[in-house]
Amino acid sequence: MLSELRDLRYRVALASFRACSTYGDIDREYLVWLEAVLRSCPEIKADNSVLRLIEEHLALDDKAFKEFVRMSKEENPALGLKKYAVPLLDARLQSLWHLPLSFQRGLLAVRTHLNLLNEEIDQSRYYFGLTFTIDGDNHKRVVENFVGAQRNFAVQAKRIINEIQKLVPSDAG
């Protein structure tokens, strides 16, 4: 189950980075947080290009950092977000009673936030589909809702990762 959580943490962290970059929702605090998360992932050892990119951007002065954020922001973004699952956790949810209560609560928090994340993905897909069928002022509102759902994805992703960080020991080192 811990390996499933580690994998989820890594995949959701990368998707969060992509979403935040796309919408220009990156600041130094976010990058420091993301760097710490990725350093705790064993998967990053295989390809640490994202870590190098984060380190490079954290080293920028304020003016260059603002330019990086501006340049990474896409004009008409449409992320193809994928849903996430934790089949092992789901299969064993009924048999967690023997684990410490705090660990059970943490697993349920991950599951709850994952459900919310997947709902944001559903909302994003729904609004994306509507962008092709609605014109005028309503189209503008649909696009705003689409962007809102994608930004909410990044918020939920961070919540999931923070819960996983509490449950899974760091693999850094």
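The values are calculated or read from the model by the stated rules, or taken from the named source; none is laboratory data. Just so it is clear, the structure is predicted and the values come from calculations on it, not from any experiment. We place every Cβ from the backbone using ideal geometry, glycine too, and count neighbours over all the protein chains shown. With ligands, DNA and RNA removed, areas are computed over all heavy atoms of the protein, side chains included. Shrake-Rupley method; radii C 1.70, N 1.55, O 1.52, S 1.80 Å.
Take the conditions more than 30 Å from residue 143 (Cα to Cα), of a type in the set (D, E, K, R) and open to solvent by 90 Å² or more (accessible area, probe 1.4 Å) and apply them to residue 92. Does it pass? Quick ask: steps written out before the conclusion?
Values: more than 30 Å from residue 143 (Cα to Cα): yes; of a type in the set (D, E, K, R): yes; open to solvent by 90 Å² or more (accessible area, probe 1.4 Å): yes.
Taking the combined requirement at face value, the residue satisfies it.
So residue 136 fits all but one of (1) open to solvent by less than 70 Å² (accessible area, probe 1.4 Å); (2) more than 17 Å from residue 9 (Cα to Cα); (3) touching a helix residue (DSSP H, G or I) at 6+ places or on another chain (Cβ under 7 Å); what number is the exception?
(3)
Condition (residue is of a type in the set (D, E, K, R), assigned to a loop (DSSP other than H, G, I, E, B) and at negative phi) applied to segment 81-98: is it met by at least one residue? Steps first, answer last, please.
Of the residues in segment 81-98, the ones of a type in the set (D, E, K, R) are 82-83, 90, 92.
When the remaining residues are screened for being assigned to a loop (DSSP other than H, G, I, E, B), the result is 82-83.
Restricting the remaining residues to those that are at negative phi gives 82-83.
Yes, segment 81-98 contains a residue that is of a type in the set (D, E, K, R), assigned to a loop (DSSP other than H, G, I, E, B) and at negative phi.
State whether one or more residues within segment 68-78 are basic (Lys, Arg), open to solvent by 100 Å² or more (accessible area, probe 1.4 Å) and at pLDDT 90 or above. Break it down into steps so the answer makes sense when it comes.
Residues of segment 68-78 basic (Lys, Arg): 70, 73.
After this cut, where a residue has to be open to solvent by 100 Å² or more (accessible area, probe 1.4 Å) as well, the list is 70, 73.
Next, only the ones that are at pLDDT 90 or above stay: none.
Checked segment 68-78: no residue is basic (Lys, Arg), open to solvent by 100 Å² or more (accessible area, probe 1.4 Å) and at pLDDT 90 or above.
What pairs come up if the first residue lies in segment 77-90 and is under 15 Å from residue 120 (Cβ atoms), the second is among the β-branched types (Val, Ile, Thr) and in a loop (DSSP other than H, G, I, E, B), and their beta carbons are under 9 Å apart, counting only those six or more places apart or on different chains?
Pairs that qualify, where the first residue is under 15 Å from residue 120 (Cβ atoms) and the partner is among the β-branched types (Val, Ile, Thr) and in a loop (DSSP other than H, G, I, E, B), are 78/131.
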